[in-house]
1. Taking 0.36 nm per residue of sequence separation and subtracting the Cα-Cα distance, how much length would be gained by fully extending the chain between MET308 and VAL177, in nm to one decimal?
2. Where does each of TYR83, TYR140 land when they are ranked from fewest to most other beta-carbon atoms within 10 angstrom?
3. Listed here are the pairs LYS381/LYS568; LYS568/LYS623; LYS153/LYS233; LYS517/LYS546; LYS275/LYS623; LYS318/LYS568; which of them are more than 26 Å apart at the Cα?
4. Taking other Cβ within 10 Å of each residue's Cβ, how do MET92, MET172 sort, fewest first?
5. Quick one: work out the % antiparallel among DSSP beta bridges in segment 546-663, nearest 5.
6. Which order results if TRP175, TRP37 are arranged by neighbouring Cβ count within 10 Å, fewest first?
7. On full extension of the chain, what length is gained from GLU597 through GLU158, given 0.36 nm per residue of separation minus the C-alpha to C-alpha distance?
8. Dipole of segment 546-663 (Lys/Arg Cβ +1, Asp/Glu Cβ -1, origin at the Cα centre): which of THR575, GLY588, TYR598 lies farthest to the positive side?
Amino acid sequence: MFQRHKEIRGFLFIALLLFLVPAELHAQGTARPQPEWWFGLSGGANLNWYNGTAQVLNDGLTTANPFHRGFGAGPNLALGLEYRSSLAVGAMLYVGYDNRHGTWDDIHMPCGELGSLSTTLSYLSIEPSLRIAPFSSAFYFFVGPRFATYRNKTFTLEVEPSPASDGEWGEMRKWVVSGQVGLGYDISILGDPQGQKELVFSPFVSFQPYFGQDPRTVENWAVTTLRVGAILKILGHKRAASASTYRPPAAVPVSAPAVVPVAVPDVEFSVRAPKAVPTTRRVRETFPLRDYVFFEEGSAAIPNRYVMLTKDQAASFKEEQLQEVQPISMTGRSLRQMTVYYNILNILGDRLKRSPGATVSLSGASENGPVHGKARAEAIKRYLVDIFGIEGSRITTEGRDRPRIPTIQPGSTEQPEILLSGDRRVDIASNSPELLIQVGGAPHYTLRPVQVLAVVEDPLDSHVLFNAVGAKEAFTSWSLEITDEQGRVQRFGPYTRELETISGNTILGGRSRGDYKVVMLGRTQGGGVVRSESSVRLVRRDEPTKEALRFSILFDFDQSKSVATFEKFLTDIVTPLISNNSTVIIHGHTDIVGEEEYNYNLSRERAQDVQRIIERALSNTSKRGVTFETLWFGEDLQYASFDNNLPEQRFYNRTVIIEIVPE
């Protein structure tokens, strides 16, 4: 008995420790999410160990020798309700059928007969518990009492050679009061973008020690149970905060950011969060085919980074083979696009084969003069003729010392060697509509783009936007502190630009949802610190999302005004594909040539011009509820699709990308 009291005290101490530690951690948090109600259906198996003594089975039956140990398994089925006042602390209540079936080890009677005893003992069980998630994650503990009243108290006794006989236990306790401690892990398997409905699968294990689990008032038979099972939970209700209750921070809609003024004049801090944070997104990209082939200095040979086929390979090559190229991230996107681009000669050969009436002209440029430039054009012509069997009369060539649209402008002093590498090229042109797409006015055509399908990890629409308008003039730098409900702080920065983004998946880490306090800390010119607060709620969406569309427009060096030349493409091709209530994400980029600040402003001009054209086109339609999210990154390599080592990479970095994300 003394040993049992020690175990009870130990159990209570552990339960108290599990309660106090997370409670203290929770007290350190600065923001509480709204309470949530969950409904649950639980199922599992009870693994039951018997110990003690069972000999006086009832008033009319006593065995010659006692039974001492046994084991068995029985089902557990329960309905429940969970209440979470925060992601860390909550309560659980489950009521259901609880089977404690078991069979004792066989014993020998005084005359040598073999005796066996089993029972189908079962209860109606009521189990309230304290739910604790100390790590602000899907992992949780629970601890609490168990109240049970028996539903079935039958046993089966067999002593050889007599047949088995059934009976009911005598001196049964109407109620048993015991305890349990366990742990589980919530796995979200279904949820809507707003997080208002969610289906969770939660495997768990719990331990119910023998103290308090004496089924009878006589003898000392006790049951120890290990339960292994799973709960299917559905989010039932989120209680709105009342006037007297602290109102938790809500996510700021993308289309209507909350603005929090700071003490420094003309500085405003705002946070824009996605309604849901996708981990991946399937993207159908209309990839523009840059109609240049670049050459090495002094060489007229096609560089080996371009994909060159044999005749047999060319006979079976189809442009559509390049459609399903899988990236792994925005960085992986450059690998995907470069794979397509480096097949430009094969794409051109395939298109010329399919359109026998189409013709092309190749204009080669070289700083060594027109003859060397024409030699570069002739190298491409030979490849198309020899490998794809295109008639030579359909391909004209010429040589120049500079391209028609040169990268190096007269008087330019910007990194001449880098710019010159962009002029060592062959331009591909055509008047055949089978090969072209019109993107602007009558004279502005380009090669028809290639359709590419891919699954992108951590897409841009998963990012949270932080905007500190006026910070560039008021602060030397600013940084972010993002704090979850448990007081866990993530720090980002320092930043010098006014607009920054952070992936929602980075903020969430391994969590499926979270409420965060966001603090912007601006360091002033005088060395002081300005503090501004906002908040955001993030919900991860792991299920497949709708397919997004992506388009790109490309620029020659140092041109923003050329956005107007793409107006027809933006108006006639891109805008009709924008659906009601979709989000249009526009982001501008540049290469690394020139001053960083100049490139940053240039990318902003380009992106804003694209938004204005699309908005004007939408105003002439019946489309409603379209939200724009326009960003500009300049030459920032963190967001650039490509490296800047090769001229083709730099040309593709001079871009504005338009992504259409459906509701």
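What follows is calculated from the coordinates using simple rules that are stated; it is not laboratory data. Please read all numbers here as calculations on a predicted model, not as lab measurements. Positions of Cβ are backbone-derived with ideal geometry, glycine not excepted, and every protein chain shown enters the neighbour counts.
1. Once the chain is fully extended between MET308 and VAL177, it gains 39.3 nm.
2. Fewest-to-most Cβ neighbours within 10 Å comes out as TYR83, TYR140.
3. LYS381/LYS568; LYS153/LYS233; LYS517/LYS546; LYS318/LYS568
4. If I rank by nearby Cβ atoms, fewest first, I get MET172, MET92.
5. 70
6. TRP175, TRP37
7. 148.9 nm
8. It is THR575, whose Cα lies furthest towards the positive end.
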